[in-house]
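Here, each number is a calculation from the coordinates, and none is a lab measurement. Given the structure is predicted, the values throughout are model-derived calculations rather than measurements. Glycine gets a Cβ as well: all are built from the backbone with ideal geometry, and neighbour counts include every protein chain shown.
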Amino acid sequence: MTEEILKAIPVMLASAIKFILGPLQGYALKLHPITTGVATVLGMMMSVVAFTFFGDWLKKRLFKNFFNQPANPSTTRRKFIILLRKYGLGGIAFFTPILLTPIGGTLLAIGLNKPKSKILLFMFISGLVWSMLLTFAIYSFGRAVLPNFI
């Protein structure tokens, strides 16, 4: 039991930085799929909680020019703003584990000025769903796809 928990710590830390690394590392360490899934969600939520509560400080200090609306936004930025308005917090939470990092997705969600409780809830649900899907996929198809890497 202690060995399983000690093996789960690197999975948590890896998924706090980039979500997909959690299930891959859990598979490489030969953890039980449930342990891998739980550690992946905990790692993501560790990052989300930290940046949700310290994100306001980061936004004010480091990213103050990023979240201000320019007078004439570029086409890329305009498309990004349209995407944020169209899909909102649910879209950010949905795409955070796959396309964004937990840190980047949380900072974007904070930029929408949504309540912290909603950010935590949406990110948790998204992390839980994606963790189950990715862990299942990696543990099911890992032998066929990943033997050269592990």
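Taking amide hydrogens as modeled 1.01 Å from N in the peptide plane, which residues meet the under 5 Å criterion relative to H32, leaving out close sequence neighbours?
none
So what are the ³J(HN,Hα) numbers for the range 35-47, from phi and the Karplus equation (6.51, -1.76, 1.60; θ = phi - 60°), rounded to whole Hz, Gly and Pro as x?
Residue by residue, the range 35-47 yields 4, 5, x, 5, 5, 5, 5, 4, x, 4, 5, 4, 5 Hz.
If I stretch the segment between I82 and V129 completely, what's the gain in nm (0.36 nm per residue apart, minus their alpha carbon distance), one decimal?
Details: separation 47, 0.36 × 47 = 16.92 nm, distance 2.56 nm.
Contour length minus the Cα-Cα distance gives 14.4 nm.
What are the principal axis extents of the Cα atoms in the range 2-145, in Å, biggest first?
54, 30, 22
Return L89, L6 ranked ascending by Cβ neighbour count within 10 Å, so the fewest neighbours appear first. All intermediate terms of the calculation are to be shown ahead of the outcome.
Numbers: L89 18, L6 10.
Going from sparsest to densest Cβ surroundings: L6, L89.
If amide hydrogens are placed 1.01 Å from N in the peptide plane, which non-local residues have theirs closer than 5 Å to the one on L112?
none
Can you sort F122, F19, F95 by how many other beta carbons sit within 10 Å, fewest first? Spell out each step's value before the answer.
Numbers: F122 22, F19 27, F95 16.
Fewest-to-most ranking of F122, F19, F95: F95, F122, F19.
Step through the residues of the range 102-112 one at a time and calculate ³J(HN,Hα) from phi using the Karplus curve (6.51 cos²θ - 1.76 cosθ + 1.60, θ = phi - 60°), rounding each to whole Hz and writing x for Gly and Pro.
Running phi through 6.51 cos²θ - 1.76 cosθ + 1.60 with θ = phi - 60° gives x, 5, x, x, 5, 5, 5, 5, 5, x, 7 Hz.
Using Cβ contacts closer than 10 Å as the measure, can you line up T96, T2 from fewest to most?
Arranged by neighbour count, lowest to highest, T96, T2 become T2, T96.
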